[in-house]
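The values are calculated or read from the model by the stated rules, or taken from the named source; none is laboratory data. These numbers come from a predicted model, not from an experiment. Counting neighbours? That spans all protein chains shown, and the Cβs are built from the backbone with ideal geometry, glycine included. For the accessible areas, the whole protein counts, side chains as well, though only heavy atoms, and no ligand, DNA or RNA atoms are used. Shrake-Rupley method; radii C 1.70, N 1.55, O 1.52, S 1.80 Å.
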Amino acid sequence: MHARHAVALVLIAALAAPAFASMGGSPAPEPASNPQGEIKGSTPITPRQQAEQLYGGAYDDVAKANLDVANGKGKNAQKKFKRALDRALDAVALDTTYFEAWNLVGFAARKLADYPRSLAAYGACLRLQPGYAAAREYLGEAYVELGRIREAREQLAWLERLSAADQVKTLSARINEWQAAHPDSLAPAPVAQPDTSAKAPASGSGN
């Protein structure tokens, strides 16, 4: 949900509460924030804090989507990945230096098979934080899914330099799985053979 949508819902709830109470229902819960983006008794929310709230929601969406994938609920997972992507995009719009949110944009876009957006987001993340191992691993996995193994190995080399053992193990496994499924990719290129279709010159010609 976009931040502006959340503000609209808060306003709607505030306006509807008196009417709802007069009908004998329970009062609406007090909203966490007011339309000015301030939490009661606190300082105004900064763009970074709003971005972090969006990132937290997107992170939860990804966790739920991954659970749906594990349970064979692909369509539900796609909806949650889309919601995570929308929230993460809103987060980086609020704070373009939020490299973790860029990484999440890349992850959610990749799960939706939007590889151009995914690669661009991982690139933005790594320009801000070149040593962010999670993004290096996920970028490598994106390259594997695209069959770009040389570039995946470049990310693996980065992870090895970063001593990111867990990420090295995961990406190595993905590369090995791809190569096992594509054995022809390991075969050496055939040696070029000379063209024998042309007739040899007649004996003694040119003498």
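Observations on the model:
- Length added when fully stretched, ARG150-THR96, from 0.36 nm per residue minus Cα-Cα: 16.5 nm
- Solvent exposure of the range 91-143 as accessible area per residue, Å², 1.4 Å probe: 36 Å²
- Positive-end residue of ASN103, GLY123, GLY74, charge dipole of the range 49-183 with Cβ unit charges: GLY74
- 3J(HN,Hα) along the range 112-121: 9, 6, 9, 5, x, 5, 4, 5, 5, 5 Hz, from the Karplus curve 6.51 cos²θ - 1.76 cosθ + 1.60 with θ = phi - 60°, whole Hz, x for Gly and Pro.
- Across the range 133-150, computed HN-Hα scalar couplings (Karplus, 6.51 cos²θ - 1.76 cosθ + 1.60, θ = phi - 60°) run 4, 4, 5, 4, 5, 5, 5, x, 5, 4, 5, 4, 4, 8, x, 9, 5, 4 Hz from first to last residue, x flagging Gly and Pro.
- Förster radius 22 Å - calculated FRET efficiency between LEU67 and ALA113, Cβ distance, rounded to 0.05: 0.65
- Inter-label distance for GLN179 and GLU160, nm, one decimal - labels placed 7 Å from Cα along Cα-to-Cβ: 1.1 nm
- A Förster distance of 41 Å, applied to the separation of the beta-carbon atoms of LYS169 and ASN76, puts the FRET efficiency at 0.90.
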